[in-house]
Every structure is written in structure tokens, then in C-alpha cells.
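The values are calculated or read from the model by the stated rules, or taken from the named source; none is laboratory data. Quick caveat, the model's predicted, so the values are computed rather than measured. Ideal geometry is used to build each Cβ from the backbone, glycine not excepted, and the neighbour counts take in all protein chains shown.
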């Protein structure tokens, strides 16, 4: 194992672990803010209890998101120093702006929210939660702008042996970043909705705190329904953008080898990367890939064989991740549409409720699959078309990275287990008297 | 170039604010086993930093982010050279951060012990390592013209580096003990104030030894000798350090804490001024050293980032001071009964 491989494993582990907590922070902060606002408006104590119950789960999740986020910012320097000096002019400033403009607000006001119940008016206290939610969202925007620049570098010029900023607005407002934000935020809202619906379903099944959890379910259901449908429509826009800007990722996720018009999508496919073909192709949807890529059944879609071997991403993992993401995306729409139709009679459908409990992990899996596709699909580039991942590592000793990688696995594994145990414990306990 | 110099000192300022804010958290965490005799004491210690620690830690993120944005080469070479030390700091900060949230979740003495241990180690280790890292930067780091580090973690643990570690730890212990004195009542308050008074002579001694050792081990004084007016910064720092003891004797704990804050800012700038324009000096060859002038971002990035900093840093300071003011009162026993208390 070399520094490159270990650094990639370490970054993958650290980022994927971080992203177990980020989406719930993004979505649940908004839902808790809505609950608290309803309490302020109506004075209904149930909404106060809801704010406190979901707020508690939010906080356990939040702290894990925070501490795992800190390491990510520093890992660019520790493990990817050549990348850092090459892109710092652009990428570094985006991270710095995220910290000053958003993360400060989020971290300062979450403390005020937790400890400020008796010190602030109800209205002010609810406003604080909205600030936390807004700051989390702004934070996500800057981080995703930074990632989008790695996916599709714009607004730069190569000078002094590095990428220097040429146009700030080109970097910040590029279409890729807007799409990536919408996609990630919607995914986060779907995940949060399923989290709240799943836990609510658990209690509804047990017929305890029924009013409380029926209302919680309802708030989450609206979120889940809107954003799972939006996610699919929005996801479609990515296909066209990919075809134009990252054709290798598009070809890899569909295991598409030969450039051709009327390109199909095979629902089941097994790539044979060595011989540049698929050993299994099953259930084709004719012309579908052409349609996704270029809005026309006959459009030509470039295949992997047309790219040099050393510029192709691994096919199998991207193909699988893409399919998992899409299949689950469809599943979320189905489940929320059903939920909407039976929204007033939930307790009459125990099997649906049970399924919703088991569905809690699925948006997590979908999000992770989405990120695998985004990041592994970009390979072998760390900045698409500009810098190879293999040229980006730090000149550090293999042993150092070996030790830190295992430390990440052990510490994160331990904390993750405890974090999810505590969330589950508090979730099962249900609300306490406010 | 002007912008690079502005950014150099802004960079120093961010570190200084980080050390005065998260510094007292480190101090209280390190004092936890010594001042927290009962579970209630310990909970008061946790809650004395409870609403603020997270916001404090963001100054580190910002200092790191600004290094990346304004001086990418420094960020790259510094963080990869100090790989193991930095990883230790990060893991310490992780286990410390979750201790706040996790400790109160389960009522079991063994559970509490586990997170108290994490809080202690997670506070002690960064305090020492930040000190050791900065002392080594003052002294020079063995890296070559390609930014490749020729040393190990142990290279940093030379006598001067360790002295820096001890000095930082003492800064934070005193700073944290005073904060705890402000935030607590009764016996715990007395113990905290007593600890601050007892630790103060050690801090003074460590500071004087460090100032002297720097004369022999580093080039920090070159800038001061070239511009003797700069000595006034050292003078202010030493006066503030003496002020801590004066205010402790008068039991004016807020003033003592502010003196301690001024001392920490002064100590940071003592090094920053001495380093200028170096940011990461090489001990192998001064020609390899990374400076504010040869390691910075493009003028455009520096300009945009300066606008961002001039807008947002004052805003952040305003709402953080508002939050500090909101939680300026003592942590009472009654408050420990609230469900949201740590």
C-alpha cells in the first residue's frame, strides 16, 4: 500500500463518515425551526415538545457532523499538499469563506439555542434556530461550490505553475454548482424526512404519543414528498450537464463503451473492463441514454473506448452506485406518494409504518452512493482534466498515513457506533413532558 | 506587496483569537480531574464552556482556511510537515467535542469517566502540541526546497519545542482557571481562583525562560532590534502578564481574564512580529523558507478574501461578544437541572 492509496482510503472514509451526519443537520434544522415557529405562533405545547424531542436528536447528530468536518479541512494540507498548493488560490478561498460567512454563525448560534431557552424570548429563540438552519445551508453552498470546481474547473488561469483565480463569479455561479447544491440539499431533505417519518412510524405502531408523532410524520411527509419528486426531476438535468462536461463519468455509470446514437440504458449490466465491453447486458431501454444525455433518442453518446485508458474512471463501482441511487430515489417517491394518500389513516396501515422504520437507512445509502459516483466517477482526476489524483498527494511517509488511516477507522467507528446508539436510544424513549 | 503583509498579520490575529477563545476551554478541560471533585463540579465545568466552545473552535477552522486561501504553499508544506502532530490535535479535538454532547446522555459513573478522560486528553494534548508546533516554527523546521519534511514527530519534541508546549499549556491553564472562577460559586470558585494564583508564578517563569531561550535558539529578535519601537509589544505583554496576578489578588476576575487574554494575544504577536515576513522558516536553508511574499495567493484572491474578512470578521465578533455577554452569569445548580444542560 502506498501513500496515494492510503490517502484516498483515508479521505474517502473521513468524508463518507462526515456525510452520515451532514444531511440530517441540513434537513432537521429546518424542520425543528418550523416546529418551534408553530409553537410560537399557536402556543400549542405539543409543538414545544416536538421542538425539544427532535432538537435533542438533532444535537447528537450535529456534534458528530462538526467534529468530523474539522478534520476534512485539514486533510487537504496533510495528505494532499500538492493539490493544495496547486488549487489553494481558488479552492482554499472557498473553504475560508465557508468558515467565516457560515460556519461561525451556525456554531455560535447552536450554543445560544441550546442554552438560551430561559434567556431569550420565544420569538427570538425560534429565530435563532432559523439562523442555524440558514447558516447550515449557506455552509453547504460554499462547500459544494468548492467541490463543483473540482468536478468542472472554471474561472481560472494557469499561472506560476498553479491554478489562479481569474473570475470569482464564474466559480461561484457556475451551473454545475447550482445543480450540485439543489441535488445535495434535496437529498438531505429526503433523508431527514425519512428519519423523522421512520421514528414517528415506530411510535405510531406502538400506539404511543400518537398525536405527537402523527403531526411529526405529517411535517416530514410534506418535505419528503416535495423533495423526492424534485430530486428526480432535478437529477435529470445532471445527465445533460455530465454529457457535456464529464463524459467519462456518464459513460462509466452506464457502462457505455462504444460511441453511438440511439444509445440504450441496460437495467442490468456487467462490465468487462479489460476487453472494453459488457459481459452481461440485460433489459435495455432503447435510446434512453441518448435522451438523458442530449434530450433526443438519436443523439450520439461518447463511449469509454473513445477515451484513453488512463483517463477512464473505474466502471463497475460507478455503474452500481448510480443504479442504487436511482432505484432508491424512485422508491422514495413511491413511499411518500403512498404516505400522502393515507396521511390521515396512518395507524390503519401497520405494514406501511413498519416498512418506513426499515427505510430510515435507505436515504443514507442513496446519499453515499451519490457521492461515490461524484468522486470515484471523476477519477483519475482530482480536478477534472487539470490534475490527476496521483499527482496530488503529500510527500509524507507511508507509515504516517497507515497509522492515521487506522486511527480514523477506529475512532470514527467507535464514535459513530455511540452516536447512532444514542440517537436510537433517545428516539425510542420518545418525548418527555415539556 | 501591501496585501500580503496585511494578510500576514490578519493570519496572526486569527490564531491569537483562537488561542484566547478555545484556550480557556483547553485550560478547563485540562483542569477537570484536578478541580472537579464531585460530579456536580464537573458538570459546572462542562457547562461553563457549554454554549461557547463550538463557536470558539471555528476560529481554528478559519485560521486553517485562511492559511489555505491566502498562503496555499504554507498551508501545503506546513500541514504535511507537521502531519503526525496535526493528526494528534485533530483526534484530540474530535473526542473532546463529542464529550460535551455525550457525557450527559447516560447516567453511569463509568460512562462519565470515559468522557471525562476524553475531555482531559482532548484538551491537554492540543494545548501542548500547538505550543510545540509554534515554537518549532519560530526555530525553523527541517524541510527542503521541494517542501519535503526531513524529520519525525520526535523532531518537534526538542527542548525549545517542549518549552513552547509547557508555556502554552500554562497560558491556557491560567486562562481557563480564571474563566471557571468567573463562572462558578462556592468551593469550586475558590479552588479555581486558587489554581490560577498557584499556576501564575509557573507561567511567569516559563514565559521568562521562553523569552530568553528565543534569544539563543531563534532569530525572532532580529525584527525587534531593527525596529526597537516594536519592543513595546513585548512590554505590554509582560505588563498584562503581571496584571493577571494583580487582578487575581483584587478578586476582579473579569479583569484578570482580560489581562490573560491580552497576554495570550501579545504572546502570539511576539512570535508573529518576530517571524515576519517568514511564515514557515526552513532550518535546512533559509532560502527554502516560506514567507508572506513567496507563498501567497494571487493578488485577486487576496483582495476578494480581504473584502470577505473585513465584512464578516467584525460581524462574527459582534455576535460572539453578544453570546459571551448572554452567558456571562455563573452556572448555578438550578441550571444543571435543565434538561438541555450538559
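Specify which of the listed residues (A:128, A:110, A:219, A:143) is assigned to a helix (DSSP H, G or I) and in the same structural domain as residue A:242 (by TED's automatic domain parsing).
One residue alone meets the criteria, A:219.
Conditions tested, residue by residue: (1) touching a helix residue (DSSP H, G or I) at 6+ places or on another chain (Cβ under 9 Å); (2) buried (at least 16 other Cβ atoms within 10 Å of the Cβ); (3) away from chain A (no Cβ under 14 Å).
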| residue | (1), (2), (3) |
| --- | --- |
| B:111 | yes, no, no |
| B:119 | yes, yes, no |
| B:138 | yes, yes, yes |
| B:143 | yes, yes, no |
| B:147 | yes, yes, no |
| B:153 | yes, no, no |
| B:161 | yes, yes, yes |
| B:166 | yes, yes, yes |
| B:187 | yes, no, yes |
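Check B:278, B:294, B:325, B:285 and return the single one that is over 25 Å from residue B:223 (Cβ atoms) and either at pLDDT below 95 or surrounded by 15 or more Cβ atoms within 10 Å (Cβ to Cβ) (or both).
Among B:278, B:294, B:325, B:285, only B:325 is over 25 Å from residue B:223 (Cβ atoms) and either at pLDDT below 95 or surrounded by 15 or more Cβ atoms within 10 Å (Cβ to Cβ) (or both).
Within the bounds of the stretch A:116-133, is there any residue that is under 24 Å from the mean Cα position of the chain (by Cα), surrounded by fewer than 21 Cβ atoms within 10 Å (Cβ to Cβ) and within 8 Å of chain B (Cβ to nearest Cβ)?
no
Give the number of residues within the stretch A:296-330 that are more than 26 Å from the chain's Cα centre (by Cα) and touching a residue at least 40 places away in the same chain (Cβ under 8 Å).
So the first thing to find is which residues in the stretch A:296-330 are more than 26 Å from the chain's Cα centre (by Cα), and the list is A:296-310.
Applying the additional criterion that residues be touching a residue at least 40 places away in the same chain (Cβ under 8 Å) yields A:300-307, A:310.
So the count comes out to 9.
Quick check: anything in the stretch A:75-83 closer than 20 Å to residue A:192 by Cβ and either surrounded by fewer than 21 Cβ atoms within 10 Å (Cβ to Cβ) or in contact with a strand residue (DSSP E or B) (Cβ under 6 Å, 6 or more places away or on another chain) (or both)?
Looking for residues that are closer than 20 Å to residue A:192 by Cβ and either surrounded by fewer than 21 Cβ atoms within 10 Å (Cβ to Cβ) or in contact with a strand residue (DSSP E or B) (Cβ under 6 Å, 6 or more places away or on another chain) (or both), one finds none in the stretch A:75-83, hence no.
Being within 17 Å of residue A:97 (Cα to Cα), in contact (Cβ under 8 Å) with a residue 60 or more places away in the chain and at the interface with chain A (Cβ under 7 Å from one of its Cβ atoms) narrows it down to one of B:65, B:55, so name that one.
None of the others qualify; the one that does is B:55.
Suppose we keep only residues that are assigned to a helix (DSSP H, G or I) and touching a strand residue (DSSP E or B) at 6+ places or on another chain (Cβ under 9 Å) within the stretch A:305-331. Which one would you say is surrounded by the most Cβ atoms within 10 Å (Cβ to Cβ)? Walk me through how you get there before you give the answer.
Step one: of the stretch A:305-331, the residues assigned to a helix (DSSP H, G or I) are A:305-306, A:309-311, A:315-331.
Remaining after also requiring touching a strand residue (DSSP E or B) at 6+ places or on another chain (Cβ under 9 Å): A:305, A:310-311, A:315-316, A:319, A:323.
Values: A:305: 14, A:310: 8, A:311: 13, A:315: 24, A:316: 14, A:319: 22, A:323: 18.
In this case the residue turns out to be A:315.
Can you pull out every residue in the stretch B:79-94 that is more than 7 Å from chain A (Cβ to nearest Cβ) and touching a helix residue (DSSP H, G or I) at 6+ places or on another chain (Cβ under 7 Å)?
B:82, B:85, B:88, B:89, B:92
Sort through B:306, B:317, B:310, B:302 and tell me the only one that's more than 7 Å from every other protein chain (Cβ to nearest Cβ), assigned to a helix (DSSP H, G or I), crowded, with 21+ Cβ neighbours inside 10 Å and at pLDDT 90 or above.
Exactly one residue qualifies, and that residue is B:302.
Within the stretch B:240-249, can you find the residues that are out of contact with any helix residue (DSSP H, G or I) (no Cβ under 6 Å at 6 or more places or on another chain) and over 14 Å from residue B:208 (Cβ atoms)?
Within the stretch B:240-249, B:246, B:249 meet the criteria.
Go through the stretch A:332-348 and give me each residue that's surrounded by fewer than 18 Cβ atoms within 10 Å (Cβ to Cβ) and either in contact with a strand residue (DSSP E or B) (Cβ under 8 Å, 6 or more places away or on another chain) or more than 24 Å from residue A:187 (Cβ to Cβ) (or both).
If the condition is that a residue be surrounded by fewer than 18 Cβ atoms within 10 Å (Cβ to Cβ) and either in contact with a strand residue (DSSP E or B) (Cβ under 8 Å, 6 or more places away or on another chain) or more than 24 Å from residue A:187 (Cβ to Cβ) (or both), then A:342, A:344, A:345, A:347, A:348 are the ones that fit.
Restricted to the stretch A:406-423, and to residues that are farther than 19 Å from residue A:61 by Cβ and surrounded by fewer than 20 Cβ atoms within 10 Å (Cβ to Cβ), which residue is nearest to the other protein chains (Cβ to nearest Cβ)?
Across the stretch A:406-423, the extreme among qualifying residues is A:407.
In the stretch B:99-109, which residue that is in a loop (DSSP other than H, G, I, E, B) and within 10 Å of chain A (Cβ to nearest Cβ) is surrounded by the fewest Cβ atoms within 10 Å (Cβ to Cβ)?
So the residue we want is B:106.
Sort out which residues of the stretch A:359-397 are part of a helix (DSSP H, G or I), more than 26 Å from residue A:162 (Cβ to Cβ) and touching a residue at least 12 places away in the same chain (Cβ under 8 Å), and write them in order of number. Can you show your working first?
Of the stretch A:359-397, the ones part of a helix (DSSP H, G or I) are A:361-376, A:389-391.
Now restrict to residues that are more than 26 Å from residue A:162 (Cβ to Cβ): A:361-373.
A:362, A:363, A:364, A:365, A:366, A:367, A:368, A:369, A:370, A:371, A:372, A:373, listed by residue number.
Filter the stretch A:281-296 down to the residues that are under 18 Å from residue A:237 (Cα atoms) and surrounded by fewer than 15 Cβ atoms within 10 Å (Cβ to Cβ) and list them by number. Break it down into steps so the answer makes sense when it comes.
Keep residues of the stretch A:281-296 that are under 18 Å from residue A:237 (Cα atoms), which gives A:287-296.
Passing the criteria: A:295, A:296.
Kindly provide the set of residues from the stretch A:142-157 that are without any contact (Cβ under 8 Å) to a residue 60 or more places away in the chain and within 14 Å of chain B (Cβ to nearest Cβ), ordered by number.
A:142, A:143, A:145, A:146, A:157
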